[in-house]
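*Asks:* Just dropping this structure here.
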Amino acid sequence: MKKLIFSFTLLFLLASLAAGCSGKTAGKQDGDITLTMFSTMTNDSEKKALRRLADDFEKENKGVKVDINFPGADYENMLRVKMAANDMPDLFDTHGWAKIRYGEYTADLKDMDWVKQLDPNLDPILKDEDGKVYAYPFNQAKDGIVYNADLLKKYNIKPPETLDELLKALEAVKEKSGGDVIPFWFAGSDKGALAQFYDQLATPLLITDQHHNEEKALLEGTFDWSKYTLLADTFKKMQDKQLINQDILTAKSSQLVELMAQGKIAFTLSVTSIGADTKEVNPDIQLGVIPTPAVHEGDKPSWIGGERHTVAAWKDSEHLDEAKRFIEFAAQPKYVKMIAEATSFPQALTNTQAENDYAKYYEQYRDIKTEPYFDRVYLPSGMWDVMGTTGQELLAGTLTPKQVSEKMKEEYSRLKKQ
């Protein structure tokens, strides 16, 4: 009997602890308020900067604590569960889905002072026709290709502007380094790294060139998926020619900084925030970034992006006032600058100017247009996972390039009906 009572008591305590971690009940404990916050930031420099911001907020707001969670690759799955349970964190990152996926859960921030300073390029991404502002952007994404500028200078390789030029540059790196440098490195154990390859290059393949614009067909569901095969075919050729790391399917993102700092990588699709972390290991290294290369002759390169790291307030939070107060605090110019520099992305507000490793490259390519993420506009929810999985299966030899396109078509049709 005692064992039975003990078991029930233990279960009750565990349930109470679990409830205490939820957004609804992570409230007043011994007179304090704890705000739960979920972020997609992954690199050390990013996480340290966000924690520093939270520490400063806590100092100026006695009795309010900020509990930050960095789930990494599990972020989306964790947030889907929380959305289904209507038990969201008080503060959370919308990571490019502020309006489409998270819109119904976000509080309107339009009355905040920083909104007047929002970069107009982000208006269609973070605002709707009624003026609602869905999230505060810590920075804005301009995704391209990160490269070792020292290596390209050493090998006399011009930063590529087209896919053909990129492939030639990779061949040159392999030849001139004697195989000591990986031409293009991917952390392929994470299927998201492979999905990023397809997602970035799908825009110049299918959208930006006026003679190959498939926007209408993609939106209407009539797209001919054989036109997608070029990307899988290119990726497979890169593998066959050893232009990518041979351990791609087991390589982890945690390896990137050390390899880049050692001069072992020429190009990578990694987000630009690796710059700060790489500099900590090798202060002398110079990294650069170029826009995503054009695919078709006569087209121009493109930045791929929009919102990168954001913070939204859950509209049903028991601590909505405190959550909004945190966002207002974060929008002060010194924190705008601090976070943007830690992530190595441009700031999202116009009242300050961040300095980072890539500032001169953003200035150099300031006239290059920023296109939205392909999957967020043209694909149904769930296709990012399909792009990553088919990418892994292609490199593992279980799918051919043609079969990749067939699988994409099948999943596109299935998910579009949901």
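*Asks:* How many of the residues making up the range 129-167 are among the hydrophobic types (A, V, I, L, M, F, W, C) and farther than 19 Å from HIS309 by Cα?
*Replies:* 7
*Asks:* Hey, another quick one. Just wondering, is there one or more residues in the range 139-157 that are assigned to a helix (DSSP H, G or I), charged (D, E, K, R) and farther than 20 Å from PRO291 by Cα?
*Replies:* Yes, because at least one residue in the range 139-157 is assigned to a helix (DSSP H, G or I), charged (D, E, K, R) and farther than 20 Å from PRO291 by Cα.
*Asks:* Here's another thing I want to ask about it. Take the residues in the range 285-299 that are outside any strand (DSSP E or B) and in contact with an Asp or Glu (Cβ under 8 Å, 6 or more places away or on another chain), then tell me which one is surrounded by the fewest Cβ atoms within 10 Å (Cβ to Cβ).
*Replies:* Among them, the one singled out is GLY298.
*Asks:* Looking at the range 34-46, I want the residues that are without any contact (Cβ under 8 Å) to a residue 40 or more places away in the chain and have a partner that is not acidic (Asp, Glu) with Cβ atoms under 6 Å, at least 6 apart or on another chain. Which pairs are those?
*Replies:* Short answer, once both residue conditions are applied: THR34/ALA26; THR34/LYS65.
*Asks:* So which residues in the range 355-375 are part of a loop (DSSP other than H, G, I, E, B) and free of Cβ contacts under 8 Å to residues at least 40 places away in the same chain?
*Replies:* Result: GLU355, ARG366, ASP367.
This table checks each residue for (1) over 23 Å from the mean Cα position of the chain (by Cα); (2) among the aliphatic types (A, V, I, L, M); (3) farther than 25 Å from THR350 by Cβ; (4) assigned by the TED database to the domain that holds ASP93.
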position	(1), (2), (3), (4)
VAL146	no, yes, yes, no
LEU163	no, yes, yes, no
LEU170	yes, yes, yes, no
LYS174	yes, no, yes, no
GLY178	yes, no, yes, no
SER189	no, no, yes, no
LEU201	no, yes, yes, no
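*Asks:* So which residues in the range 23-71 are modelled with pLDDT of 90 or more and within 15 Å of the chain's Cα centre (by Cα)?
*Replies:* Correct list: PHE38, SER39, THR40, MET41, GLU46, LYS47, PHE70, PRO71.
*Asks:* I've got another one for you. ALA342: touching a residue at least 40 places away in the same chain (Cβ under 8 Å), closer than 19 Å to PRO291 by Cα, of a type in the set (A, V, I, L, M, F, W, C) and not assigned by the TED database to the domain that holds PRO293, yes or no?
*Replies:* No: the conditions fail for ALA342.
*Asks:* Do we find that THR292 is touching a Phe, Trp or Tyr at 6+ places or on another chain (Cβ under 9 Å), hydroxyl-bearing (Ser, Thr, Tyr) and within 22 Å of ASP190 (Cα to Cα) in this structure?
*Replies:* Considered against the rule, which asks whether it is touching a Phe, Trp or Tyr at 6+ places or on another chain (Cβ under 9 Å), hydroxyl-bearing (Ser, Thr, Tyr) and within 22 Å of ASP190 (Cα to Cα), THR292 comes out as yes.
*Asks:* Is the range 260-278 home to any residue that is without any contact (Cβ under 8 Å) to a residue 60 or more places away in the chain, outside the structural domain of ASN43 (by the TED database), under 23 Å from LEU50 (Cα atoms) and out of contact with any Gly (no Cβ under 6 Å at 6 or more places or on another chain)?
*Replies:* Yes.
*Asks:* I'd like the full set of residues that are small (Gly, Ala, Ser) and either in a loop (DSSP other than H, G, I, E, B) or farther than 15 Å from ALA141 by Cα (or both), limited to the range 328-354.
*Replies:* Answer for the range 328-354, where residues must be small (Gly, Ala, Ser) and either in a loop (DSSP other than H, G, I, E, B) or farther than 15 Å from ALA141 by Cα (or both): ALA330, ALA331, SER344, ALA348, ALA354.
*Asks:* Specify which of the listed residues (VAL336, VAL377, VAL404) is outside the structural domain of LYS132 (by the TED database), out of contact with any Phe, Trp or Tyr (no Cβ under 7 Å at 6 or more places or on another chain), farther than 20 Å from GLY103 by Cα and surrounded by 15 or more Cβ atoms within 10 Å (Cβ to Cβ).
*Replies:* Only one candidate qualifies: VAL404.
*Asks:* From ASN69, ASN61, grab the single residue that is assigned by the TED database to the domain that holds LYS315 and either touching a Ser or Thr at 6+ places or on another chain (Cβ under 8 Å) or among the hydrophobic types (A, V, I, L, M, F, W, C) (or both).
*Replies:* ASN69
*Asks:* Any residue at all in the range 225-242 that is in the same structural domain as HIS296 (by the TED database), surrounded by fewer than 18 Cβ atoms within 10 Å (Cβ to Cβ) and not in a helix (DSSP H, G or I)?
*Replies:* yes
*Asks:* Collect the residues in the range 315-327 that are in a helix (DSSP H, G or I) and either within 23 Å of the chain's Cα centre (by Cα) or closer than 13 Å to THR36 by Cβ (or both), keeping them in residue-number order.
*Replies:* The answer is LEU320, GLU322, ALA323, PHE326, ILE327.
*Asks:* Could you please find all residues in the range 308-324 being in contact with a Gly (Cβ under 9 Å, 6 or more places away or on another chain) and either without any contact (Cβ under 8 Å) to a residue 24 or more places away in the chain or more than 15 Å from TRP114 (Cβ to Cβ) (or both)?
*Replies:* Once the filter is applied, which keeps residues that are in contact with a Gly (Cβ under 9 Å, 6 or more places away or on another chain) and either without any contact (Cβ under 8 Å) to a residue 24 or more places away in the chain or more than 15 Å from TRP114 (Cβ to Cβ) (or both), the range 308-324 yields ARG308, TRP314, ASP316, SER317, GLU318, HIS319.
*Asks:* Follow-up. Can you tell me which residue within the range 188-206, out of those that are surrounded by fewer than 21 Cβ atoms within 10 Å (Cβ to Cβ) and part of a loop (DSSP other than H, G, I, E, B), is modelled with the lowest pLDDT?
*Replies:* Only one residue tops the list, namely ASP190.
*Asks:* What is the number of the single condition among (1) in a helix (DSSP H, G or I); (2) within 26 Å of GLY305 (Cα to Cα); (3) at pLDDT below 90 that GLY96 does not meet?
*Replies:* (1)
The values are calculated or read from the model by the stated rules, or taken from the named source; none is laboratory data. Everything quoted here is computed from the prediction, not taken from an experiment. When we count neighbours, we look across all protein chains shown, and the Cβ atoms used for this are built from the backbone with ideal geometry, even at glycine.
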